[in-house]
Structure formats: C-alpha cells, structure tokens
Amino acid sequence: MNGTANARNVAALLSRVWDVRVGAGQLVPHDGPVLLAANHTGLLDGPILVAHAPRPVRMLAKQALFTGVLGRLLRTAGQIPLQYEGPDRSALQEALRVLGAGQAVGIFPEAHRGHGDVAHVRHGVAYLAARSGAPVVPVAILGTRADGASYDAVPPPRTRIDLVFGEPYRTGAVDARNRQAVAGLAERLRQCLADHVAYASLSTGQRLPAPPARHAA
C-alpha cells in the first residue's frame with residue numbers, strides 16, 4: 001500500500017474519531033511543487049494535514065517521532081525526519097528533491113508545538129521556497145489541543161478540528177545563498193501565516209489554545 005492510500009485510510013479513521021472540517025482546499029495548486037506551511041499547537045497537526053490535504057503531501061516531522069511502530073508508519077507514508085538542533089541539510093535536500101519532482105511538502109515553520117499564533121518561525125520554509133521557487137500555502141490547524149492540555153495530548157473524540165487553507169504566497173526571486181534575503185522572506189512568510197491563522201480563527205470561531213496548565217501564569 002502506497003503513502004497516498006495510507007493517507008486516505010488515515011483520513012477516514014480520523015474523521016470517524018474527530019469532526020474534521022476542511023476549508024478552502026481548492027486554493028492548493030493541483031499540480032507542481034508547493035509548500036504547505038502550517039501553525040503547530042498539537043500532536044495531531046501532522047496527521048490531520050497529511051490525511052486531509054487535497055493532494056498527497058510529504059511532511060517534515062521531528063526525528064524523535066521516527067521510532068518503533070510510529071516511525072515505521074511515518075516512513076511508510078513517506079514522511080521526512082528532521083533534526084531540530086541546527087540546520088538539517090539532509091532533510092532539506094530531501095524536501096528539495098520532492099519539490100523538484102513537482103510534489104507537495106508540509107512544514108511547521110514554528111518547529112515546536114505551542115500557542116500556534118506564529119509569533120516566531122525558523123528560516124527553513126523560506127530557504128526551501130527560495131531554492132525551489134515553490135509557492136507557499138498558509139494552513140491554519142485549529143482544535144487539535146484543548147485549553148491547558150499538554151502538548152502531547154489529543155482532543156476528546158468528536159472534537160471539531162478545522163483545517164483551513166489560504167491563498168498561495170508566491171515569493172518571487174530570492175537568493176537562497178543570501179542569509180539576509182532569506183531572513184527577510186521568512187519574516188514575510190511568518191506574517192502571512194500569522195494573518196491567515198488569525199483570519200481562520202475568526203471565521204471558524206475556533207480560539208487558539210491556552211498553554212499547558214503547568215505553564216499558565
């Protein structure tokens with residue numbers, strides 16, 4: 001069974017457990033390279049995006065997840081392990097290879113699960129966009145973590161989860177070898193994604209989650 005078929009099966013399973021609603025999927029280009037850049041609040045974000053994106057997507061996911069049964073499932077589904085400590089050239093090269101083949105790559109520019117408001121991003125998404133010329137589609141994922149819940153928690157069954165796609169952002173010509181240019185593009189992409197998350201939150205009525213209780217003020 002290939003990764004696409006696996007994703008469809010996972011989509012059916014997730015939709016039976018949670019109330020997953022997909023918005024504006026038609027905005028994702030039907031073909032050609034594309035980066036799907038999503039905010040990140042909960043453990044389900046990656047599976048939800050992979051399973052419900054309108055086209056097959058290979059997700060950059062942290063290396064620590066690629067162990068045991070879960071690791072085998074992630075590799076079978078074609079996901080790309082990523083080391084968060086410093087630039088992971090191997091993962092970036094694999095993502096560029098996928099984009100060069102006209103496929104879709106998913107990425108969490110915030111890197112770690114958090115509030116999901118995209119206050120900060122790493123520069124990997126900008127580097128990939130600059131090197132590949134791929135448009136970047138902002139993606140808001142809302143409802144995958146309850147207020148005060150652990151970052152490793154999953155929401156109760158039948159919880160509503162919204163996956164909302166935005167207009168593709170076309171970066172234009174950016175020199176990927178110029179760190180200042182990549183940093184500037186990263187900030188533009190951060191603002192684009194932050195604005196989209198705020199819009200999706202308003203339009204769906206889904207608030208971003210409060211931090212885990214142990215971190216609350």
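Being part of a loop (DSSP other than H, G, I, E, B) and either among the hydrophobic types (A, V, I, L, M, F, W, C) or surrounded by 14 or more Cβ atoms within 10 Å (Cβ to Cβ) (or both) is the filter here; which residues of the range 166-208 pass it?
As a first pass, look at the range 166-208 and keep what is part of a loop (DSSP other than H, G, I, E, B): 166-168, 170-178, 205-208.
Answer for the range 166-208, where residues must be part of a loop (DSSP other than H, G, I, E, B) and either among the hydrophobic types (A, V, I, L, M, F, W, C) or surrounded by 14 or more Cβ atoms within 10 Å (Cβ to Cβ) (or both): Gly166, Pro168, Thr171, Ala173, Val174, Ala176, Gln206, Leu208.
Here is a list of conditions, (1) on the phi < 0 side of the Ramachandran plot; (2) crowded, with 20+ Cβ neighbours inside 10 Å; (3) part of a loop (DSSP other than H, G, I, E, B), and Ala129 meets all of them except one; can you say which number that is?
Evaluating Ala129 over (1) on the phi < 0 side of the Ramachandran plot; (2) crowded, with 20+ Cβ neighbours inside 10 Å; (3) part of a loop (DSSP other than H, G, I, E, B) leaves (3) as the failure.
I need every pair where a residue in the range 99-124 that is on the phi > 0 side of the Ramachandran plot has its Cβ under 7 Å from the Cβ of a residue that is assigned to a loop (DSSP other than H, G, I, E, B) and surrounded by fewer than 17 Cβ atoms within 10 Å (Cβ to Cβ), sequence separation at least 6 or different chains.
Note: pairs meeting the criteria are Gly102/Asp31; Gly102/Gly32; Ala111/Tyr84.
Yes or no, residue by residue, for (1) touching a residue at least 24 places away in the same chain (Cβ under 8 Å); (2) farther than 15 Å from Pro135 by Cα; (3) touching a Ser or Thr at 6+ places or on another chain (Cβ under 9 Å); (4) among the basic types (Lys, Arg):
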| residue | (1), (2), (3), (4) |
| --- | --- |
| Asp162 | yes, yes, yes, no |
| Tyr169 | yes, no, no, no |
| Gly172 | no, no, no, no |
| Asn178 | no, yes, no, no |
| Arg190 | yes, no, no, yes |
| His196 | yes, yes, no, no |
| Leu202 | no, yes, no, no |
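Which condition from (1) closer than 21 Å to Ala198 by Cβ; (2) out of contact with any Pro (no Cβ under 9 Å at 6 or more places or on another chain) is the one that Val137 breaks?
(2)
Mind counting the residues in the range 159-174 that are at pLDDT below 95 and of a type outside the set (A, V, I, L, M, F, W, C)?
Number of matching residues: 2.
Right, Ala186: within 16 Å of His123 (Cα to Cα), small (Gly, Ala, Ser) and touching a residue at least 12 places away in the same chain (Cβ under 8 Å) or not? Outline the logic, then answer.
Numbers: within 16 Å of His123 (Cα to Cα): yes; small (Gly, Ala, Ser): yes; touching a residue at least 12 places away in the same chain (Cβ under 8 Å): yes.
Spelling it out, Ala186 is indeed within 16 Å of His123 (Cα to Cα), small (Gly, Ala, Ser) and touching a residue at least 12 places away in the same chain (Cβ under 8 Å).
Go through the residues of the range 150-159 one by one and say whether even a single one is closer than 21 Å to Ala194 by Cα and over 13 Å from the mean Cα position of the chain (by Cα). It would help to see each step written out before you state the result.
So in the range 150-159, the residues closer than 21 Å to Ala194 by Cα come out as 151.
Narrowing the set further to residues that are over 13 Å from the mean Cα position of the chain (by Cα) leaves 151.
Among the residues of the range 150-159, at least one is closer than 21 Å to Ala194 by Cα and over 13 Å from the mean Cα position of the chain (by Cα), which makes the answer yes.
Scan the range 145-154 and tell me whether some residue there is farther than 18 Å from His112 by Cα and buried (at least 17 other Cβ atoms within 10 Å of the Cβ).
If we filter the range 145-154 for residues that are farther than 18 Å from His112 by Cα, which is where we start, we get none.
Checked against the condition, which is being farther than 18 Å from His112 by Cα and buried (at least 17 other Cβ atoms within 10 Å of the Cβ), the range 145-154 yields no hits at all.
When the range 143-161 is examined, which residues are found to be among the β-branched types (Val, Ile, Thr), in contact with a strand residue (DSSP E or B) (Cβ under 9 Å, 6 or more places away or on another chain) and assigned to a loop (DSSP other than H, G, I, E, B)?
So in the range 143-161, the residues among the β-branched types (Val, Ile, Thr) come out as 144, 154, 159, 161.
If we keep only those that are in contact with a strand residue (DSSP E or B) (Cβ under 9 Å, 6 or more places away or on another chain) as well, we get 144, 159, 161.
Hits for the range 143-161 are Thr144, Thr159.
Taking the criterion of being buried (at least 18 other Cβ atoms within 10 Å of the Cβ), part of a loop (DSSP other than H, G, I, E, B), touching a strand residue (DSSP E or B) at 6+ places or on another chain (Cβ under 7 Å) and not aromatic (Phe, Trp, Tyr), would at least one residue in the range 104-113 satisfy it? So that I can check it myself, show each step before the final result.
Step one: list which residues in the range 104-113 are buried (at least 18 other Cβ atoms within 10 Å of the Cβ), which gives 104-110, 113.
Narrowing further to those that are part of a loop (DSSP other than H, G, I, E, B): 108-110, 113.
Checking which are touching a strand residue (DSSP E or B) at 6+ places or on another chain (Cβ under 7 Å) leaves us with 108-109.
Now restrict to residues that are not aromatic (Phe, Trp, Tyr): 109.
Yes: the range 104-113 contains one or more residues that are buried (at least 18 other Cβ atoms within 10 Å of the Cβ), part of a loop (DSSP other than H, G, I, E, B), touching a strand residue (DSSP E or B) at 6+ places or on another chain (Cβ under 7 Å) and not aromatic (Phe, Trp, Tyr).
The values are calculated or read from the model by the stated rules, or taken from the named source; none is laboratory data. Treat the numbers as computed from the prediction; the structure is a model and nothing was measured. Ideal geometry is used to build each Cβ from the backbone, glycine not excepted, and the neighbour counts take in all protein chains shown.
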